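In what follows, a single structure is set out as structure tokens and then discussed.
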Amino acid sequence: RKEVEQDPGPFNVPEGATVAFNCTYSNSASQSFFWYRQDCRKEPKLLMSVYSSGNEDGRFTAQLNRASQYISLLIRDSKLSDSATYLCVVNSDAGNMLTFGGGTRLMVKP
Amino acid sequence: GAGVSQSPRYKVAKRGQDVALRCDPISGHVSLFWYQQALGQGPEFLTYFQNEAQLDKSGLPSDRFFAERPEGSVSTLKIQRTQQEDSAVYLCASSPQRRDTYNEQFFGPGTRLTVL
């Protein structure tokens with residue numbers, strides 16, 4: 001079983017739709033949680049950190065449930081430019097390695 | 001400012017050939033990471049440096065993989081006697097040293113290695 005698991009998708013949604021991605025992690029000692037975005041043939045880039053209290057950045061909302069070891073990302077009012085792969089990422093030791101999920105592919109269509 | 005750079009961007013190697021992949025981290029960044037990303041997968045950790053010290057090499061898949069960062073800046077990932085299963089994108093990331101908080105890792109564009 002992989003340490004971080006995501007539904008690979010693809011999620012095909014129309015512009016303006018709301019879409020949600022989920023992720024589970026197995027290491028209960030994990031300390032920090034993130035969503036990264038990766039465009040085709042590009043490097044991963046930090047989208048947002050994830051906190052237990054939930055956090056929002058514009059159209060993006062991230063949530064962490066430590067008890068269930070579950071992380072979510074909600075995208076409202078999807079744009080064509082949101083089309084990418086979204087990577088769920090966990091860090092178990094500050095300053096040390098990141099553990100990535102396999103990514104969820106999102107395609108937003110006109 | 002300049003981000004993380006990697007070279008070459010693309011490398012085609014014949015099976016059995018040795019390759020060397022270079023990473024130039026962001027200036028002043030203490031930590032440097034190498035990841036391997038196979039097609040359709042998320043990146044997987046290979047090794048980690050803090051300055052010139054290699055603190056974790058638990059992700060290196062075999063003893064054919066070797067990484068160094070002799071002066072605490074540029075790093076080289078070397079793969080000896082390449083095999084087809086080594087075909088992947090090799091990503092380098094760097095991060096600043098701040099002990100009290102998680103340090104965001106900034107990724108380079110990667111080197112796409114194809115072993116024929």
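Flag set for residue B:15, criterion: more than 23 Å from residue A:33 (Cβ to Cβ), loosely packed, with under 13 Cβ neighbours inside 10 Å and modelled with pLDDT of 95 or more. Looking across the stretch A:72-101, the residues that are surrounded by fewer than 20 Cβ atoms within 10 Å (Cβ to Cβ) and within 11 Å of the chain's Cα centre (by Cα) come down to A:72, A:74.
If only residues of the stretch A:61-99 that are assigned to a loop (DSSP other than H, G, I, E, B) and closer than 21 Å to residue A:17 by Cβ are counted, the one that is nearest to the other protein chains (Cβ to nearest Cβ) is A:83.
Filtered by the rule that a residue be part of a loop (DSSP other than H, G, I, E, B) and in contact with a strand residue (DSSP E or B) (Cβ under 6 Å, 6 or more places away or on another chain), the stretch A:100-110 gives A:101, A:102, A:103. Among the strands (runs of 3 or more DSSP E) confined to the stretch A:1-60, the ones with at least 1 residues that are free of Cβ contacts under 8 Å to residues at least 60 places away in the same chain are located at A:19-25, A:32-38, A:45-50, A:55-57. Of the strands (runs of 3 or more DSSP E) lying entirely inside the stretch B:18-85, those carrying at least 1 residues that are in contact with a helix residue (DSSP H, G or I) (Cβ under 7 Å, 6 or more places away or on another chain) and of a type outside the set (Lys, Arg) are B:75-79.
Screening the stretch B:18-64 for residues that are more than 17 Å from residue B:6 (Cα to Cα) and among the hydroxyl-bearing types (Ser, Thr, Tyr) and picking the one that is surrounded by the fewest Cβ atoms within 10 Å (Cβ to Cβ) gives B:58.
Within the stretch B:58-116, the residues that satisfy the criterion of being within 14 Å of chain A (Cβ to nearest Cβ), touching a residue at least 12 places away in the same chain (Cβ under 8 Å) and β-branched (Val, Ile, Thr) are B:89, B:111, B:114. Among the residues of the stretch A:47-68, those that are at pLDDT below 95 and surrounded by fewer than 18 Cβ atoms within 10 Å (Cβ to Cβ) comprise A:49, A:51, A:52, A:53, A:54, A:55, A:56, A:57, A:65, A:66, A:67, A:68.
Take residue B:55 and tell me if it is out of contact with any Ser or Thr (no Cβ under 8 Å at 6 or more places or on another chain), at pLDDT 95 or above and within 14 Å of another protein chain (Cβ to nearest Cβ). So residue B:55 does not fit the description; no.
The values are calculated or read from the model by the stated rules, or taken from the named source; none is laboratory data. Quick caveat: nothing in here was measured; it's all calculated off a predicted structure. Positions of Cβ are generated from backbone atoms using ideal geometry, with glycine treated the same way; all protein chains shown enter the neighbour counts.
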